[in-house]
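Single-structure report; data block below.
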Amino acid sequence: MSVSVIQAINRICCRHVIDAEGNCPPADIFIVLPQDAMGEAVLDAIKADMPGIAVRQWDFELDAPKGKRPRESSHTRLIAYMEEQPAGTVSLTEIQHSLKLTSLKKLRETLNAADHPTTRVLADMGVKYVAGVGRGSKSFLMKVA
């Protein structure tokens, strides 16, 4: 591991000779090493292979793991969308565009299952799914007043 780290460090400008005495331009190298025996061994190898290197502590903290935000389901958005709609029909294509759904396949499966919780909530709101029959027919949700 030490050899790979030292090779990576030496690929930057710190190996370009800038004068007759063999000096190289200064370079800042930021590296995060584990705080264990392996990290110490890598740092010791760097110091041994690069005499004159100035090692300083770097005030650095890894970002805390980001908590996953619960996704709002398409079913929740559909229920909220239909609550706002006036009485009448809304095509599934219009719903797909409004809710930015990539596919209607699973939504159709849900709406065809009368015992699904989403379908029951919609039915309680007075919303009924009307499946299109035949090629080119449109499926829609119908909301009664």
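The values are calculated or read from the model by the stated rules, or taken from the named source; none is laboratory data. Keep in mind that this is a model prediction, so the values were computed, not measured. Positions of Cβ are backbone-derived with ideal geometry, glycine not excepted, and every protein chain shown enters the neighbour counts. Accessible surface is based on the protein model in full, side chains and every heavy atom, while ligands, DNA and RNA are left aside. Shrake-Rupley method; radii C 1.70, N 1.55, O 1.52, S 1.80 Å.
Just one of the numbered conditions (1) small (G, A, S); (2) free of Cβ contacts under 8 Å to residues at least 24 places away in the same chain; (3) surrounded by 13 or more Cβ atoms within 10 Å (Cβ to Cβ) is not true of A80: (3). Inclusion of G88 among residues that are modelled with pLDDT of 90 or more and at positive phi is warranted. Within segment 99-120, the set of residues being open to solvent by 60 Å² or more (accessible area, probe 1.4 Å) and either assigned to a helix (DSSP H, G or I) or among the aromatic types (F, W, Y) (or both) comprises K105, K106, R108, E109, N112, P117, R120. Reported count of residues in segment 18-37, each being surrounded by 12 or more Cβ atoms within 10 Å (Cβ to Cβ) and closer than 12 Å to V5 by Cα, is 3. E40 meets the conditions (1) surrounded by 10 or more Cβ atoms within 10 Å (Cβ to Cβ); (2) over 30 Å from A123 (Cα atoms); (3) in contact (Cβ under 8 Å) with a residue 12 or more places away in the chain in every case but one. The failed one is (3). Scoring E40 on the criteria (1) part of a helix (DSSP H, G or I); (2) under 32 Å from the mean Cα position of the chain (by Cα) leaves a single failure, condition (2). For segment 65-88, state whether one or more residues are among the β-branched types (V, I, T) and over 25 Å from S2 (Cβ atoms). Within segment 65-88 (the criterion being among the β-branched types (V, I, T) and over 25 Å from S2 (Cβ atoms)), the answer is yes, since at least one residue qualifies. Given the criteria of a type outside the set (A, V, I, L, M, F, W, C) and over 30 Å from the mean Cα position of the chain (by Cα), does D19 qualify? When the stated conditions are applied, D19 passes them.
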